[in-house]
1. Could you compute how much accessible surface residue 36 exposes when probed at 1.4 Å, giving the result in Å² to the nearest 10?
2. Can you tell me how much longer the chain between residue 178 and residue 222 gets when fully stretched, taken as 0.36 nm per residue apart minus their C-alpha distance, in nm with one decimal?
3. For residue 80, give me every one of the lysines with a C-alpha distance below 23 angstrom, ignoring sequence neighbours fewer than eight places off in its own chain.
4. For the chain, what is the accessible area per residue in Å², given a 1.4 Å probe and the full set of protein chains?
5. Using a 1.4 Å probe, how large is the accessible area of residue 57, given in Å² and rounded to the nearest 10?
6. Scan around residue 46 for amide H atoms under 5 Å from its own, H built in the peptide plane at 1.01 Å from N, and keep only partners 5 or more places away or cross-chain.
7. Probe radius 1.4 Å, ligands and nucleic acids ignored: give me the carbon and sulfur share of the accessible area of the chain as a rounded percent.
8. For residue 201 and residue 23, what does the FRET efficiency come to when R0 = 30 Å and r is the distance between their Cβ atoms, rounded to the nearest 0.05?
Amino acid sequence: MTITAVDHYEKHLGPIYTWMVGDVDAALSRSLAELDALPLPSKAGGTAVDLGAGFGMHSLPLARRGFRVVAIDTCDPLLKELESRMGTLPIRTVNADLLAFRTHTPEPVDVIVCMGDTLTHLPNHSSVESLFGDVAASLSPGGLFAATFRDYVSAPLRGDARFILVRGDEERVLTCFLEYADTTVTVHDLLHQREGGSWRLRASSYPKLRLSPEWVVEHLHSLGLTVHRDTAPGGMIRIAARMPG
């Protein structure tokens, strides 16, 4: 049965997400390198918003760089993991829909990040347009919006290439299968987990949006942002959009 992305993470991926990532310290190092590749504002003590923060892969490095971070996610267990890691860093966690982020950040902000394919988890293209509008309305002069997402439009996978091994070890194997439609791609996540000496299969499916990189750039441009597009490590599209200063 296909469910929403929020339900999928709450019931299926959320509890194993850090396992799926693997070495958390290595993941945080990769995230730091991602931030280093961005033209982040140098404003001391600036404010950053992390949309789809998870366990803090970008919130933690942003806070260590001196930003006061608002970390927003719908998966409470992942936010609890973030809280366990942040120590005295200036991070405020918020369990909320990222489309409502302005409710929790009423003042202009200097950086908004939406990394790791989070954009494609939104319910429809209108939601993405709405989010972009709120981003443009929230950024301070010279502020930066950065996003990474997978391009499911330009080169859809065919045949057996649609079966992807995410991670496996002696206790768990996570595989996904992609099923393409006109505006979405359904992700079928198949988790084999060893329980009591035998293997148990848990399956869950949810839709992701097929976002054209050109469409994303065009909509951000139309809101007055200066947009740079390139390719991030892992093949994701990387967008850096700056509000004129």
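1. Taking all protein chains as shown, residue 36 has close to 100 Å².
2. On the way: separation 44, 0.36 × 44 = 15.84 nm, distance 3.16 nm.
Fully extending the segment from residue 178 to residue 222 adds 12.7 nm.
3. Within the straight-line limit of under 23 Å, residue 80 reaches these lysines: 11.
4. Values: 11390 Å² over 245 residues.
Normalised by residue count, the accessible surface of the chain is 46 Å².
5. 40
6. Sorted by chain and number, the residues that satisfy this are 68.
7. For the chain, the apolar C and S fraction of the accessible surface comes to 52 percent.
8. On the way: r = 26 Å, r/R0 = 0.87.
The calculated FRET efficiency here is 0.70.
The values are calculated or read from the model by the stated rules, or taken from the named source; none is laboratory data. In this text the structure is predicted, and so the values were computed from the model without any measurement. Cβ: placed from backbone, ideal geometry, glycine included. Neighbour counts: every protein chain shown. Just so you know, the surface numbers come from the protein's heavy atoms only, side chains and all, with ligands and any DNA or RNA stripped out. Shrake-Rupley method; radii C 1.70, N 1.55, O 1.52, S 1.80 Å.
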